[in-house]
1. List the number of the failed condition for Arg141; all other conditions in (1) under 20 Å from the mean Cα position of the chain (by Cα); (2) closer than 26 Å to Asp221 by Cα; (3) within 16 Å of ligand 1 (Cβ to nearest atom) hold.
2. Looking only at segment 48-63, which residues are at negative phi, assigned to a strand (DSSP E or B) and not polar (S, T, N, Q)?
3. For segment 106-130: of the residues being within 16 Å of ligand 1 (Cβ to nearest atom) and closer than 14 Å to Leu192 by Cα, which is surrounded by the most Cβ atoms within 10 Å (Cβ to Cβ)?
4. Hey, any hits in segment 229-246 for a residue that's more than 16 Å from ligand 2 (Cβ to nearest atom), touching a residue at least 12 places away in the same chain (Cβ under 8 Å) and assigned to a helix (DSSP H, G or I)?
5. So which of Val175, Val103, Val167 ends up being crowded, with 18+ Cβ neighbours inside 10 Å, closer than 23 Å to Arg220 by Cα and either away from ligand 2 (no atom under 14 Å from the Cβ) or at pLDDT 95 or above (or both)?
6. Just one of the numbered conditions (1) within 13 Å of ligand 3 (Cβ to nearest atom); (2) on the phi < 0 side of the Ramachandran plot; (3) buried (at least 19 other Cβ atoms within 10 Å of the Cβ) is not true of Met143; which one?
7. Scan segment 151-175 for residues that are in a strand (DSSP E or B) and either more than 16 Å from ligand 1 (Cβ to nearest atom) or over 18 Å from the mean Cα position of the chain (by Cα) (or both) and jot them down.
Amino acid sequence: MSAARPTIRLIGLPTDSHSSFLRGSAAGPPLIRAALRSDHANMAAESGVELDADVTVEDAGELALDEGAADFDRIRDAATQAARDEVVPIFIGGDHMVTNPIVAGLVAVHGPVNILHFDAHPDLYADFEGDPLSHASPFARIMERGDAQRLVQVGIRTLNAHCRAQVAVYGVEVVEMRDFAPDRVPVPHAPLYISIDLDALDPAFAPGVAHHEPGGLSVRDILSVLHRVRVPIIGADVVEYHPQRDIHGMTATVAAKLVKELAALSVPRA
Ligand SMILES: NC(=[NH2+])NCCC[C@H](N)C(=O)O
Ligand SMILES: [Mn+2]
Ligand SMILES: [Mn+2]
């Protein structure tokens, strides 16, 4: 990666076969990509970093997935290849199972990473409905492999007894929604990976998700935390966009805004 001008690699992950309750996020990636390139906006992040000008955007399209067992390896290998190519991968989901193989792939190059995770759910189930690769379990798999030095979770508001026990077992740092303020979030250092489940947002800001959980974050809350990141990220994902639950594409626009702000975090801060 050139010190002067980093490259991000946009990778769509059209998969929702490990979802619970509702499927539909597999249709998300092209709609988020279209919202990112819509003429209603421009490519400037709020920091002033401009995609295409200050950050090269390499769009890899959708990864070929077939809902079979090989999908895990395909996603993991795409993350590893991006790291070896010295580009910053930004994955567009698809459901939250994808973060499990993504982190496995990045760790192969970077070693154990620090994760900043926004979600209504801790996604730490030992397994969910019998599926260890469930979108409700990615961070249990990551923590049990030792792939994370730190896992900081923000916006959590669905902790049941099982997940509270998992938090304790894995030493997860949780900023629950009931305690949230942007400056209360411990922003980890490098190597930093950021995962955003759109249901971290209140349904008023992001109706286009399966799991509507009231009392969530605002878009500005998430941006206020992202703007406190001081190290260039090694990768990120935005997941769980469900087009069929959206209203006038507003959640696709929110997802695209987050992709743009995440891409800007590939640039070292002055
Ligand atoms: N990433 C998710 N949507 N997790 C699924 C949540 C599972 C279950 N409904 C719960 O509330 O604990
Ligand atoms: Mn969630
Ligand atoms: Mn999630």
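The values are calculated or read from the model by the stated rules, or taken from the named source; none is laboratory data. Fair warning: this is a prediction, and the values are worked out from it, not measured in the lab. Don't worry about glycine lacking a Cβ; one is built from the backbone with ideal geometry, like all the others, and counts go over all protein chains shown.
1. So the condition that Arg141 fails would be (2).
2. Correct list: Glu50, Leu51, Val55, Val57, Glu58, Asp59, Ala60, Glu62.
3. By that ranking, first place goes to His117.
4. Checked against the condition, which is being more than 16 Å from ligand 2 (Cβ to nearest atom), touching a residue at least 12 places away in the same chain (Cβ under 8 Å) and assigned to a helix (DSSP H, G or I), segment 229-246 yields at least one hit.
5. Step by step, each of Val175, Val103, Val167 is checked, and only Val175 is crowded, with 18+ Cβ neighbours inside 10 Å, closer than 23 Å to Arg220 by Cα and either away from ligand 2 (no atom under 14 Å from the Cβ) or at pLDDT 95 or above (or both).
6. With respect to (1) within 13 Å of ligand 3 (Cβ to nearest atom); (2) on the phi < 0 side of the Ramachandran plot; (3) buried (at least 19 other Cβ atoms within 10 Å of the Cβ), Met143 is out only on (1).
7. Residues satisfying the conditions are Val152, Glu173, Val175.
Residues are listed down the side, and each one gets a yes or a no for (1) in a helix (DSSP H, G or I); (2) in contact with a Lys or Arg (Cβ under 8 Å, 6 or more places away or on another chain); (3) within 16 Å of ligand 1 (Cβ to nearest atom):
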| site | (1), (2), (3) |
| --- | --- |
| Leu22 | no, yes, yes |
| Ala26 | yes, no, yes |
| Pro30 | yes, no, no |
| Arg33 | yes, no, no |
| Asp39 | no, no, no |
| Asn42 | no, no, no |
| Glu46 | no, no, no |
| Leu65 | no, yes, no |
| Gly68 | no, no, no |
